[in-house]
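Novice: Supplied in structure tokens, the structure appears directly below.
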Amino acid sequence: MLMTREDITKAAGARSRQLLVQFRDQTIELEPKYLLQMAHLTTPATVWKYVESAVTKSAANLVMLDLEDSIPRDNSELLELGRANVIRAFNDLDWGSRLRFFRPRGLELDPEHDDIAIIVEAAGSKLDGLIYPKIESADEVRSIDQTLSELEARLDLPLGGIRIEPLIESASAEEEVFEIARASRRLAGLVFGSYDYWASLGMGASSYRADHPLIEQARGRIVKAAASVGIPAIAEMTTNYPTRDKSDEERRAAMEEFRRDAMLARDFGFAGKWTGIPDQTAMAVEIFKTPDDEIERAIDEAKQFLEAEAAGRGATMIGGKMADRATDRLNRNTLKKAYAMGGIDKVAAKELGLI
């Protein structure tokens with residue numbers, strides 16, 4: 001017996017609703033504070049004065065206390081010191097509005113996830129998340145997620161409260177970056193580690209440059225993967241620092257290099273950048289923040305589009321240009337970040353449908 005039109009459309013509706021649920025489940029709804037990641041400041045966990053300064057005095061939106069690169073392999077004494085400093089910083093220091101992250105040593109150096117277990121057990125209620133190095137696969141993300149879930153259950157912490165930001169640092173990770181992005185709802189960002197990535201290609205240091213086509217291809221993949229689930233992408237470190245042993249001209253050149261790298265990353269769609277010193281951090285915040293005039297324009301156009309929809313128009317003219325749902329989505333990307341920055345109050349946010 002042939003299906004009726006009603007049977008066909010009913011079956012189509014059931015399939016479509018399942019697809020809509022799948023699409024919605026891929027999108028990670030972040031708290032507003034995770035939308036502000038203009039400057040990640042990484043600091044060695046082994047040096048307390050650096051930890052204290054980064055956490056309490058820096059312009060960073062996110063501070064990462066590092067247990068990976070800052071500790072020589074097989075140095076148990078420095079590892080214990082670093083862990084103790086991380087716990088002390090989370091429990092005792094005033095972080096202000098900065099996101100509270102640390103970096104464990106990773107799969108190869110810490111396959112048992114001891115760094116995660118020890119720090120979550122001692123300071124899990126104060127922790128926003130961890131940046132995990134050298135992620136190679138979605139299965140690795142799921143393994144970290146499971147460890148965190150088991151720790152949260154044992155310690156009576158909110159399930160899913162501790163976030164993960166994978167470091168994409170190899171050609172194989174780039175290849176699987178979309179699967180990595182969809183592997184856990186804990187993700188709050190994807191971070192590009194371009195120097196390890198460059199090494200994974202078999203390249204030497206002398207041939208590296210931030211605008212190399214191979215680096216730009218990786219940037220594009222990472223930004224798209226992050227966008228596909230609604231999380232920010234964070235650009236790599238610029239390691240040329242304006243150190244005291246350099247001339248004034250060399251220091252200026254180092255900061256200009258950072259500026260060029262940051263603007264390149266911003267124009268590629270990255271939401272922020274890794275930094276290693278205060279001058280870089282302040283510059284990153286300035287480059288990646290949303291300008292006031294852009295916020296004002298987005299508010300005005302969003303209001304006009306809401307009025308057009310209320311009047312029965314699906315598309316309209318705003319400022320002499322056609323505006324539709326696509327342009328409204330672009331404006332709402334700006335407005336979400338502005339709300340997180342405090343540039344829009346709750347009354348206006350509710351009026352605009354942001355909350």
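Novice: In units of 2.2 N^0.38 Å, what is the alpha-carbon radius of gyration of the range 192-342?
Specialist: For the range 192-342, the normalised Cα radius of gyration is 1.31.
Novice: Report the equivalent ellipsoid semi-axes for the chain in whole Å, largest first, defined as the square roots of five times the eigenvalues of the gyration tensor built from alpha carbon atoms.
Specialist: With the √(5λ) rule applied to the chain, the semi-axes are 37, 27, 21 Å.
Novice: Note the full-extension length gain between LYS10 and SER206 as 0.36 nm times their separation in residues minus their Cα-Cα distance, in nm to one decimal.
Specialist: 64.4 nm
Novice: Rounded to whole Å, give me the distance from the Cα center of the range 38-96 to that of the range 163-211.
Specialist: So the separation of the two Cα centres works out to 22 Å.
Novice: Follow-up question, since we're still on this one. If the chain between ALA310 and ASP324 were fully stretched, how many nm would it gain, using 0.36 nm times the residue separation less the Cα-Cα distance?
Specialist: Additional length available on full extension: 3.7 nm.
Novice: For LEU99, enumerate residues with amide H under 5 Å from its amide H, sequence gap 5+ or separate chain, H modeled in the peptide plane.
Specialist: HN-HN under 5 Å from LEU99: LEU62, VAL63.
Novice: Neighbouring Cβ atoms within 10 Å as the yardstick, rank LEU151, LEU159, LEU62 fewest first.
Specialist: Listing LEU151, LEU159, LEU62 from fewest to most nearby Cβ atoms yields LEU159, LEU151, LEU62.
Novice: Tell me, LEU20, LEU41 in order of fewest to most beta-carbon neighbours within 10 Å?
Specialist: Sorted ascending by nearby Cβ count, the order is LEU20, LEU41.
Novice: At 7 Å along the Cα-to-beta-carbon direction for both GLU294 and SER149, put a label point, then send me their distance in nm to one decimal.
Specialist: About 3.7 nm separates the two model spin labels.
Novice: Along each of the three principal axes of the Cα atoms of the range 292-351, give the extent in whole Å, ordering the values from largest to smallest.
Specialist: For the range 292-351, the Cα spread along each principal axis is 31, 19, 15 Å.
Novice: Something else: Report the dimensions of the range 148-227 along its three principal axes from the alpha-carbon atoms, largest first, rounded to Å.
Specialist: 50, 23, 17
Novice: ILE318's amide H: which non-local residues (gap 5+, or another chain) put their own amide H closer than 5 Å, with H modeled 1.01 Å from N in plane and none for Pro or chain starts?
Specialist: Long-range HN contacts for ILE318: ALA323.
Novice: State which entries of LYS134/LYS273; LYS49/LYS126; LYS33/LYS224; LYS273/LYS321 exceed 24 angstrom in Cα-Cα distance in the structure shown.
Specialist: LYS273/LYS321
Novice: If exposed GluC sites (Glu not before Pro) are those in a DSSP loop with at most 11 other Cβ within 10 Å, what is the longest stretch of the chain that has none?
Specialist: It runs 113-355.
Novice: Might you report the magnitude of the Cβ-based charge dipole of the range 162-279 about its Cα centre, with Lys and Arg at +1 and Asp and Glu at -1, to the nearest 20 debye?
Specialist: 460
Novice: Still on this structure: Placing +1 on the Cβ of each Lys and Arg and -1 on the Cβ of each Asp and Glu in the chain, which of ALA181, GLY13, GLY124 has its Cα farthest towards the positive end of the resulting dipole?
Specialist: Of ALA181, GLY13, GLY124, it is GLY13.
Novice: Just to be sure I understand the curve: with the Debye formula and one point per C-alpha of the range 57-216, what is log10 I(q)/I(0) at q = 0.18, 0.19 Å⁻¹?
Specialist: With one equal scatterer per Cα and no solvent, log10 I(q)/I(0) is -1.17, -1.27.
Novice: Dividing the convex hull volume of the alpha carbon atoms of the range 207-278 by its residue count, what do you get in Å³ per residue?
Specialist: Normalising the Cα hull of the range 207-278 by residue number yields 86 Å³.
Novice: Before rounding to the nearest 500, sum -39500 (n - 2.57) across all DSSP H runs of length at least 4 in the chain and divide by the residue total; then give [θ] at 222 nm in deg cm²/dmol.
Specialist: Taken over the chain, the calculation gives -16500 deg cm²/dmol.
Novice: While we're here: May I ask you to sort ARG163, ARG185, ARG154 by Cβ crowding, counting other Cβ atoms within 10 Å and putting the fewest first?
Specialist: ARG154, ARG185, ARG163
Readers should treat all values here as calculations from the given coordinates under stated rules, not as data from a laboratory. As the structure is a computational prediction, the values presented were derived from the model and not from experiment. Cβ atoms come from the backbone with ideal geometry, glycine included; neighbour counts cover every protein chain shown.
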